[in-house]
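Heads up, the thing below is written out as structure tokens.
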Amino acid sequence: MSLVANARYRQLVEGMSQGAIITTRAGEILFANAAFATMAGEEIADVAKTPLAERVSARDLKAIFSLLRNESRHGVEVQLQCCRGTPVSVRISLVQDTDDTLTFLLTDLTGRRAAAEAEEMLDAIRAGQVDAFVVGDVEIQLLSSNHSPYRALVERMRQGAVAVTSTGEIVFVNERFAAMVGLPQDGFIGGHLGNFIDDSARGVWRDMLASSEPVYGEMLLRKMAGGHVSVIVTVSQLDEHCLFLFNDMTERKRHEAADNSSTRFLGILGQELADILQPLGRSLAKIQESTALEPELRALLDQVVRQADRMHKLVGDLRRINPG
């Protein structure tokens, strides 16, 4: 693999949303991307040359050593220690095993769906899928399953990744981008990225392609079967190629809509409860004014008043979620 191609894969890995590390066979971290450093709550420079085993809880050491011996085909779930807060529950899976190094992918298990997607991703990596990579405008280099560990990670990252020439001809796509637009991965090479950009975003896309600086924006991608995919795009330059990273916003917007609906419901619930508690509070205040209560009844009344005050505070919190 050329130095340019390897650098391209490394740049993509450094910007991917899943954690990625390369270790010695003994478990010493040689490389970590920004996502892993964030999970660990440290700077990338502080992660290098540290043992992976020191970054998990004591109860997970057995699982980590099993993973380093390549005895856990489907990965292990562990608690990754974070120096800035609560440990992060992650799945660590082996992507590539060479004579000297091990390459791992880490998926935050906060969302179990992401873990399922990562599992499918790893099965496909282990199947040894092979495709072609165009270097420049002429040479085509076939990549075997014994390729760079960076490429193994890029192939299955959750972001769509596309490398194009300065005029927009596609020289590489990963499986995620292929799935976004609904075209087999081997159907892209030699094609033009502009064919997958919606007309409304053509101007933005051309500006991104011409920019010499990293740029960011939103646009619509065309799907082969019809329809569109809403994406956030990050673009950067590497030598003679331009790298596009696409984040699918469709699912995120769906989650945001569900969150907004839940927020509105909680706000309405808070208002309804407040309407119920107001007359209750007035009644309790009236009873407290009585001087004819026996001590035992007075104690019970005070307890009810305290509970009612707690309810008022809880309802106030609910109403603040959606003050409108």
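The values are calculated or read from the model by the stated rules, or taken from the named source; none is laboratory data. Since this is a predicted model, take the numbers as computed values, not measurements. Don't worry about glycine lacking a Cβ; one is built from the backbone with ideal geometry, like all the others, and counts go over all protein chains shown.
Just one residue in the set Leu209, Leu221, Leu243, Leu153 is outside the structural domain of Leu30 (by TED's automatic domain parsing), assigned to a helix (DSSP H, G or I) and at pLDDT 80 or above; that residue is Leu209.
Here is a yes/no grid of residues against (1) surrounded by fewer than 19 Cβ atoms within 10 Å (Cβ to Cβ); (2) touching a Pro at 6+ places or on another chain (Cβ under 8 Å); (3) assigned by TED's automatic domain parsing to the domain that holds Leu106; (4) over 15 Å from Ser236 (Cβ atoms):
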site	(1), (2), (3), (4)
Ala163	no, no, no, no
Thr167	yes, no, no, yes
Arg176	no, no, no, yes
Met180	no, no, no, yes
Asp186	yes, no, no, yes
Gly191	yes, no, no, yes
Gly203	yes, no, no, yes
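When Ile92 is tested against the conditions (1) modelled with pLDDT of 90 or more; (2) more than 19 Å from Thr23 (Cα to Cα); (3) buried (at least 16 other Cβ atoms within 10 Å of the Cβ), the lone failure is (2). Within segment 156-188, being in a loop (DSSP other than H, G, I, E, B) and either farther than 14 Å from Phe246 by Cα or modelled with pLDDT under 75 (or both) holds for Met157, Thr165, Ser166, Thr167, Gly168, Gly182, Leu183, Pro184, Phe188.
Do any residues in segment 182-198 that are over 16 Å from Ala163 (Cβ atoms) have Cβ atoms under 8 Å from those of residues that are at pLDDT 90 or above and part of a loop (DSSP other than H, G, I, E, B), where the two are at least six apart or on different chains, and which pairs are they? From residues that are over 16 Å from Ala163 (Cβ atoms), the pairs are Gly182/Lys223.
Considering only residues in segment 205-234 that are among the polar types (S, T, N, Q) and surrounded by 14 or more Cβ atoms within 10 Å (Cβ to Cβ), the one that is farthest from Val162 (Cα to Cα) turns out to be Ser230. Pairs meeting the criteria (first residue in segment 83-96 and assigned by TED's automatic domain parsing to the domain that holds Ala35, second residue in a loop (DSSP other than H, G, I, E, B) and aliphatic (A, V, I, L, M), beta carbons under 9 Å, at least 6 apart or on different chains) are Val88/Leu109; Ser89/Leu109; Val90/Leu109; Arg91/Leu109.
Looking at Asp60, is it farther than 24 Å from Gln159 by Cβ, free of Cβ contacts under 8 Å to residues at least 60 places away in the same chain, crowded, with 20+ Cβ neighbours inside 10 Å and touching a strand residue (DSSP E or B) at 6+ places or on another chain (Cβ under 9 Å)? Can you show your working first?
On the way: farther than 24 Å from Gln159 by Cβ: yes; free of Cβ contacts under 8 Å to residues at least 60 places away in the same chain: yes; crowded, with 20+ Cβ neighbours inside 10 Å: yes; touching a strand residue (DSSP E or B) at 6+ places or on another chain (Cβ under 9 Å): yes.
Spelling it out, Asp60 is indeed farther than 24 Å from Gln159 by Cβ, free of Cβ contacts under 8 Å to residues at least 60 places away in the same chain, crowded, with 20+ Cβ neighbours inside 10 Å and touching a strand residue (DSSP E or B) at 6+ places or on another chain (Cβ under 9 Å).
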